Amino acid sequence: MSLLKRLAQQVGLRDEARAAEAVLSRRKLLFGGLSSLAALSPSVARAAPRPSANRFLVDRLTFGWTEAEQLLADTLGYHGYLEYHLNPAAINDADCDARVAVYNRLNWSSNGLYDSLPQITMNQVIESTIVRAVYSKRQLFERVVEFWTDHFNIEMMKSFNQWLFPVWMRDVIRMHAMGTFPQLLAASAQSATMMFYLDNDTSVVGHPNENYARELMELHSMGVGSGYSQQDVEEVARCLTGWGAHHGFGEASTFEFEYEPNKHDNGPKVVLGTNIPAGGGFNDGLTVLSILGAHPATAAFISRKMCQRFWSYDPPQALVDAVTNTYLATNGDIKAMLRTLFTTLDPDTAGNKLKRPFHFFVSAMRATKTEIAANPTGTGSPLRDQFKAAGHEPFQWGPPDGYPDRVDAWADAVLARWNFAASLTNHNISNALINIPAFLQGATTQQQIADRMDQAIFGGTMPTEEKAVILNTLGASPNNRTIQDALGLALSAPSYQWY
Amino acid sequence: MSKSECHGCSEYLELSRRQFLGVSGAGVVAASLPAWLPRVALAGEFCSSRDVIVSIFLRGAADAMTFCAPFGDDAYYDARPTLSIPRPDSGHPMAALDLDGFFGMPPYMSPLMPAYANGDLLFVHACGSTDTSRSHFDAMKLMEFADPTNPGAVTGWLGRHLASTMAVVPGNPLRAVATEFGLMRTLVGAPDALPIPRFETFNLLGYPGTVAARRQALTSMYNATPDPLRTAAQTTQAVIDLLATIDFIGYQPAGSAVYPVSPFGTSLKASAALIKSDIGVEAIGIDIEGWDHHIDMGPFDGILAQKLTDLAAGLAAFHADLSAGNGRNFVVVVMSEFGRRVAENGSDGTDHGHGNAMIVLGNRIAGGRVLTQWPGLQPEQRFEGRDLAITIDYRDVLAEIVQNRLANGNLGLIFPNFTPTFRGVTESCSKGDLNCDGGVTPDDVPGFATALMDEAAYRGANPGCDPLNADINGDGAIDGRDIQGFTQQILGE
């Protein structure tokens, strides 16, 4: 029972004197209670200890620990395994490539996509995102892709983006995910999808629309409170007038990014103290992007955010500084920043992170070798419904700040986790099935099966109390029912929610 | 309906007495129950039962210049040549519904007129968070935490309210709920709080025959883990059982209320069912996304009109539902992180602004008016030359509600480093009590007469008492029109 609950029950007051007393003790309890909201602070311990640095790295670089990844990490060593994942192009990912090949629309042009049913396009994007997270050997690449899709959030349903999303993912996010940040920033700006999402396609000389200009500085580059003013926002908006996308009705539209000179404000501007002389045309926007890409505030903001995603919720300033310095020294080389991030501090000092629902679902499917049936011509699936029910289906977050990565945003909704695990292991998700005999690898007795679950899901680190529950659920003579229930409970275990 | 009615009071009284007995474990006490019992937790201005508070956040900066349009300010029309609600006398099909001769609602919000006419609906204009950020995310965070001088803030104002007051129903595992996938920051820090997107499907899936055993197994595992998951799991388990006792699908609203068929309408209807089940839910958080209309704002028949139509229809249904018959005491606060730019932009939309309006709805709210200190919309009257200035801090409104309607006087904890000014958002709960003895009896007759004849003399003779307690009909004046109501109160009619 929580302190606060106890406090609440304690106040069954009998008389006024006790009421007065209770107010005092309530105050004490209250402040104790509020400060014990350590529950909300980042450095929450998970139930199980972290056994090794390699284990930490597998947890951080992937969408869920597997025996195969641990073996690879132990074979290559900490630094070798890090370098392996920092060079995704060198990883043979043929199996996953074959799975993704059926999603043919990921390769289409904007124009072709706009002539086609968007529901199928969106389904292909979402399903392929799940498939890649589960099956790709380029796990760090996929995690970095997820990081940038949160950072440069685009809501899929807005405007023309339900048609164009494959282009955004392919030509902006995936193309530059492990390149340099200034290149990624510039590509995101020169994207029809971003122009539509943040309304810059409507921003014209004399009537600039501030939406994109503000988020470009606040969310995409420098970060809020880093020194730009409302005046800077308005000047950046002027620099970006005429940036939009080629579209219209009753004419051939490419739906590609387009700069329209007649809509551009060609007067002189001042951005963050830099004079941008009159007549700059398209270069005004490019100048802004290069100022922002090289700005120390951008380096610090992106580095902190990267550390929060990949190291811990509340990364030490020394780590943020180290990654920031790498950004500044390498012109925002994302691989170099990640290398610094993972090689500066002792992994034992990193706090634990709560898997967000997407991460948890994918990790459960990885650990159980779930087989996802592709449905490239469909418009939805039972598996997608699971992500929806947890409020974490890819690309559905409306505001431009992206899905949150905070404990308090996700910790309360444990039922969605339990229900995914129960549905998956009970074979209620018809397009995501576990081959349970294959998973068990011949284990038949109560103890063997529990050990197998411990090994495949937890790497042998399952806490005793949790394992006792699994043993108890399996019963002395395990059968299909008790095995499926036990597997669902193993995935639901509290220690499996952290990484 | 008379404002002096107290919805659901008797039930709360009963609940409190029953729970008192449960806690004391002594049935014999029943005969000598102290009369003050249900008031033990209550602040002075509170009358007999706490409101259930529904906090609705319009994410993205809703345009108060549309939903509470200042048609009396000519500068409004100068700044908004195409995106303004026409004057009530314009003959335009979109002409404003006149609220007070200066402000008006767009006509599609007409379902709210009964609540306004009844005095239950209040607008607070030129109101907001005085932080100067025009960032949605910064502004929302500051507004919801309501602790701007603390950079390490992690709890919301409503969370702190609940954490600093005892449960209305002791042991209730669901004091607060967000009809969302996660708790909004407003509610973070609340004990016994959960995000539940759909109340009627809150149960454990998987093989039906083993649900009980699997729930027991989950309890064992989560009891052994640290917070936050431990508490989340315990609350979840208790709430599964609790919600199973409520028929959400078959819920029939009262008062001929018809909720809109929309996510918001569905959330509100389910919230009404939850409140009326009397499990003791105290706070409900609802988010409505999508108010950031930089382009094609559509205040007449576009996106903004659709969203406001939904909002008005939902609030009106909720008001009718909870007010009808043996209703419940409730207060709804509707807010948004900031307002929108006074002047429209070139995309038929508006950019980020500053001051905004709040909507407050409740059966103890001093409504039927627009509360404001209007700063004017001329460029030189605007904040930074651009936006509606803020003359009322949103915390003034919330603090008064927390103290007077939620019976929590810990304002220093809930709104740290802030001294609120109470602006008459809540109705006095002491109508007719002119000698301030906590009741309305023949002893109040002399005070009533004095207040009626000579307010200054009344103040002199009754320091600390509010002469407006003689304003029985709540029209803002103490006059002959209050006599009949006062007499009825004395006679207990």
As an exercise: evaluate residue A:190 against (1) under 21 Å from the mean Cα position of the chain (by Cα); (2) farther than 24 Å from residue A:57 by Cβ; (3) more than 14 Å from chain B (Cβ to nearest Cβ) and give the number of the one condition it does not meet.
(1)
Need the failing condition index for residue B:261 against (1) free of Cβ contacts under 8 Å to residues at least 12 places away in the same chain; (2) not hydroxyl-bearing (Ser, Thr, Tyr); (3) not assigned by TED's automatic domain parsing to the domain that holds residue B:189, just the number.
(3)
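In the list A:249, A:255, which residue meets the criterion of being at pLDDT below 95, in a loop (DSSP other than H, G, I, E, B) and under 32 Å from the mean Cα position of the chain (by Cα)?
Working: A:249 fails: under 32 Å from the mean Cα position of the chain (by Cα).
Only one candidate passes the filter, namely A:255.
Going through B:256, B:277, B:267, B:271 one at a time, which residue ends up being in contact (Cβ under 8 Å) with a residue 24 or more places away in the chain, more than 24 Å from residue B:338 (Cβ to Cβ), hydroxyl-bearing (Ser, Thr, Tyr) and surrounded by 22 or more Cβ atoms within 10 Å (Cβ to Cβ)?
Numbers: B:256 fails: surrounded by 22 or more Cβ atoms within 10 Å (Cβ to Cβ); B:277 fails: surrounded by 22 or more Cβ atoms within 10 Å (Cβ to Cβ); B:267 fails: more than 24 Å from residue B:338 (Cβ to Cβ).
Criteria check complete, one pass: B:271.
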Having 3 or more residues that are over 26 Å from residue B:352 (Cβ atoms) and assigned by TED's automatic domain parsing to the domain that holds residue B:191 is the bar; report the helices (runs of 4 or more DSSP H) wholly within segment B:68-176 that clear it.
B:113-117, B:157-163
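Any residue in segment A:390-403 that is in contact with a Pro (Cβ under 6 Å, 6 or more places away or on another chain), in the same structural domain as residue A:454 (by TED's automatic domain parsing) and buried (at least 21 other Cβ atoms within 10 Å of the Cβ)? Walk me through it before giving the result.
Quick first cut of segment A:390-403, residues in contact with a Pro (Cβ under 6 Å, 6 or more places away or on another chain) only: A:390, A:392.
Among the residues that remain, those that are also in the same structural domain as residue A:454 (by TED's automatic domain parsing) are: A:390, A:392.
Going one step further and asking which of them are buried (at least 21 other Cβ atoms within 10 Å of the Cβ), we end up with A:390, A:392.
Checking segment A:390-403: at least one residue is in contact with a Pro (Cβ under 6 Å, 6 or more places away or on another chain), in the same structural domain as residue A:454 (by TED's automatic domain parsing) and buried (at least 21 other Cβ atoms within 10 Å of the Cβ).
Any chance you could count how many residues in segment B:356-373 are surrounded by fewer than 24 Cβ atoms within 10 Å (Cβ to Cβ), assigned to a loop (DSSP other than H, G, I, E, B) and touching a helix residue (DSSP H, G or I) at 6+ places or on another chain (Cβ under 9 Å)?
Initially, segment B:356-373 is screened for residues surrounded by fewer than 24 Cβ atoms within 10 Å (Cβ to Cβ), giving B:358, B:366, B:368-373.
Still in the list and also assigned to a loop (DSSP other than H, G, I, E, B): B:366, B:368, B:373.
Now restrict to residues that are touching a helix residue (DSSP H, G or I) at 6+ places or on another chain (Cβ under 9 Å): B:368.
The number of residues fulfilling the criteria is 1.
Criterion first (within 11 Å of chain B (Cβ to nearest Cβ) and under 22 Å from residue B:142 (Cα atoms)) does residue A:234 satisfy it? Step through it out loud before you land on a result.
Values: within 11 Å of chain B (Cβ to nearest Cβ): yes; under 22 Å from residue B:142 (Cα atoms): no.
So residue A:234 fails the test.
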Can you name every residue in segment A:97-128 that is closer than 9 Å to residue A:166 by Cβ and not in a helix (DSSP H, G or I)?
A:103, A:108
Can you find, within segment A:476-499, the residue that is nearest to residue B:232 (Cα to Cα) among those that are part of a loop (DSSP other than H, G, I, E, B) and not aliphatic (A, V, I, L, M)?
A:499
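Restricting attention to segment A:434-448, does a residue exist that is within 14 Å of another protein chain (Cβ to nearest Cβ) and closer than 24 Å to residue A:95 by Cβ?
Applying the first criterion (within 14 Å of another protein chain (Cβ to nearest Cβ)) to segment A:434-448 yields A:434, A:436.
Now narrow it down to the ones that are closer than 24 Å to residue A:95 by Cβ: A:434, A:436.
Within segment A:434-448, one or more residues are within 14 Å of another protein chain (Cβ to nearest Cβ) and closer than 24 Å to residue A:95 by Cβ.
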Determine which single condition residue A:427 fails, assuming it passes every other condition in (1) on the phi < 0 side of the Ramachandran plot; (2) within 14 Å of chain B (Cβ to nearest Cβ).
(1)
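Each row is one residue, and each column tells you yes or no for (1) surrounded by 16 or more Cβ atoms within 10 Å (Cβ to Cβ); (2) more than 27 Å from residue B:116 (Cα to Cα).
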site: B:441; (1), (2): no, yes
site: B:456; (1), (2): no, yes
site: B:461; (1), (2): no, yes
site: B:470; (1), (2): yes, no
site: B:479; (1), (2): no, no
site: B:487; (1), (2): no, no
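If the requirement is being closer than 30 Å to residue B:147 by Cβ, within 14 Å of chain A (Cβ to nearest Cβ) and in a helix (DSSP H, G or I), which of these qualifies: B:385, B:412?
Details: B:385 fails: in a helix (DSSP H, G or I).
Testing whether each residue is closer than 30 Å to residue B:147 by Cβ, within 14 Å of chain A (Cβ to nearest Cβ) and in a helix (DSSP H, G or I) leaves just B:412.
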Is segment A:80-91 home to any residue that is in contact (Cβ under 8 Å) with a residue 60 or more places away in the chain and among the small types (Gly, Ala, Ser)?
no
May I ask you to list the residues in segment B:205-236 that are more than 7 Å from chain A (Cβ to nearest Cβ), over 20 Å from residue A:425 (Cα atoms) and not basic (Lys, Arg)?
B:223, B:234, B:235
Given B:146, B:117, which one is surrounded by 19 or more Cβ atoms within 10 Å (Cβ to Cβ), of a type outside the set (D, E, K, R) and either within 19 Å of residue B:336 (Cβ to Cβ) or out of contact with any Phe, Trp or Tyr (no Cβ under 9 Å at 6 or more places or on another chain) (or both)?
B:146
Taking segment B:143-154 only, how many residues are within 19 Å of the chain's Cα centre (by Cα) and within 11 Å of another protein chain (Cβ to nearest Cβ)?
0
So for segment A:88-99 (the condition being touching a His at 6+ places or on another chain (Cβ under 6 Å) and not hydroxyl-bearing (Ser, Thr, Tyr)), does at least one residue qualify?
no
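Just checking, which of A:233, A:270, A:288 is among the hydrophobic types (A, V, I, L, M, F, W, C) and in a strand (DSSP E or B)? Step through it out loud before you land on a result.
Working: A:233 fails: in a strand (DSSP E or B); A:288 fails: in a strand (DSSP E or B).
That would be A:270, the only listed residue that is among the hydrophobic types (A, V, I, L, M, F, W, C) and in a strand (DSSP E or B).
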When you scan segment B:304-345, how many residues do you find that are in contact (Cβ under 8 Å) with a residue 12 or more places away in the chain and within 28 Å of residue A:211 (Cβ to Cβ)?
22
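Need a quick list: helices (runs of 4 or more DSSP H) entirely within segment A:294-399 having at least 1 residues that are touching a Gly at 6+ places or on another chain (Cβ under 8 Å) and at pLDDT 95 or above.
Here the list reads A:296-310, A:334-343, A:357-367.
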Selection status of residue B:160, in contact with a His (Cβ under 9 Å, 6 or more places away or on another chain) and basic (Lys, Arg)
no
Tell me whether segment B:244-256 contains one or more residues that are more than 8 Å from every other protein chain (Cβ to nearest Cβ) and in contact with a strand residue (DSSP E or B) (Cβ under 9 Å, 6 or more places away or on another chain).
no
Taking interchain pairs and intrachain pairs at least six residues apart, which have beta carbon atoms under 7 angstrom, with the first residue in segment A:454-475 and more than 13 Å from chain B (Cβ to nearest Cβ) and assigned to a helix (DSSP H, G or I) and the second of a type in the set (Gly, Ala, Ser) and crowded, with 23+ Cβ neighbours inside 10 Å?
A:456/A:367; A:457/A:367; A:457/A:490
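Collect the residues in segment A:368-393 that are in contact with a Ser or Thr (Cβ under 6 Å, 6 or more places away or on another chain) and either within 14 Å of chain B (Cβ to nearest Cβ) or among the aliphatic types (A, V, I, L, M) (or both), keeping them in residue-number order.
Taking segment A:368-393 and keeping what is in contact with a Ser or Thr (Cβ under 6 Å, 6 or more places away or on another chain), we get A:375, A:382.
Within segment A:368-393, A:382 is the sole residue that qualifies.
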Cross-chain or 6+ apart pairs with Cβ under 7 Å, segment A:329-358 first and closer than 23 Å to residue A:410 by Cα, then acidic (Asp, Glu) and part of a loop (DSSP other than H, G, I, E, B):
A:351/A:314; A:356/A:405
Among the residues of segment A:486-494, are any over 21 Å from residue A:354 (Cβ atoms) and either facing chain B (nearest Cβ under 9 Å) or not hydroxyl-bearing (Ser, Thr, Tyr) (or both)?
yes
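The values are calculated or read from the model by the stated rules, or taken from the named source; none is laboratory data. No experiment lies behind these values; they were computed from the predicted model shown. All Cβ positions, even for glycine, are placed from backbone atoms using ideal geometry, and neighbour counts span all protein chains on display.
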